[in-house]
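Engineer: So that we are looking at the same thing, I have put the structure below in structure tokens.
The values are calculated or read from the model by the stated rules, or taken from the named source; none is laboratory data. Model, not experiment: these values are computed from the prediction. All Cβ positions, glycine included, derive from the backbone under ideal geometry; neighbour counts span all protein chains shown.
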Amino acid sequence: MDTVRVDKWLWAARFFKTRSLATAAVEAGKVRINGDRIKPARGVKAGDTLAIDNGATEWEVIVEGLSETRGPAPVAQALYSETGASLEKRRSEAENRKYFREPGIDQRGRPTKRDRRQMERAKS
């Protein structure tokens, strides 16, 4: 096997929970191979550099292995290696989130009356 569809590889490497989420991300331009925007059927091969944005985190990885099936996490982590710049960027973003939390990040959906009152108290 020389190449694997990029959406299958992203799913097998556990960057996305489902293959349809991986396909949607590729179509939206959230995944790039060697800096180029791609389509879900594009083949990925060992040595390619991928820039991946799944909404919460951004990675820059180098493809080390190929797989079409989703396996255990240690096997999935062996499919790629993250670049040093990407690791440092993710660490700094995690530290920023730790100290400077978004105000509504814990809130899901529409606020309740109690939540709204707490937000009004916090504003004043």
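Engineer: Are there any pairs with C-beta distances below 8 angstrom linking a residue in the range 1-25 that is free of Cβ contacts under 8 Å to residues at least 24 places away in the same chain and more than 18 Å from Ser81 (Cα to Cα) to a residue that is of a type in the set (Lys, Arg) and in a helix (DSSP H, G or I), with the two at least 6 apart or on different chains, and if so which?
Structural biologist: Final answer for the pair search is Arg19/Lys8; Ala22/Lys8.
Engineer: Name every residue in the range 84-124 that is at pLDDT below 90, acidic (Asp, Glu) and either more than 30 Å from Trp59 (Cβ to Cβ) or in contact with a Ser or Thr (Cβ under 9 Å, 6 or more places away or on another chain) (or both), in order of residue number.
Structural biologist: Glu93, Asp115
Engineer: Report, by residue number, each residue of the range 26-36 that is without any contact (Cβ under 8 Å) to a residue 24 or more places away in the chain and either under 21 Å from Ser81 (Cα atoms) or in contact with a strand residue (DSSP E or B) (Cβ under 6 Å, 6 or more places away or on another chain) (or both).
Structural biologist: Val26, Gly29, Arg32, Asn34, Gly35, Asp36
Engineer: Just name the residue that is surrounded by the fewest Cβ atoms within 10 Å (Cβ to Cβ) out of those in the range 45-84 that are hydroxyl-bearing (Ser, Thr, Tyr) and within 19 Å of Val4 (Cβ to Cβ).
Structural biologist: Thr69
Engineer: I would also like to ask the following. Taking the criterion of being under 16 Å from the mean Cα position of the chain (by Cα) and loosely packed, with under 10 Cβ neighbours inside 10 Å, would at least one residue in the range 85-103 satisfy it?
Structural biologist: Within the range 85-103, one or more residues are under 16 Å from the mean Cα position of the chain (by Cα) and loosely packed, with under 10 Cβ neighbours inside 10 Å.
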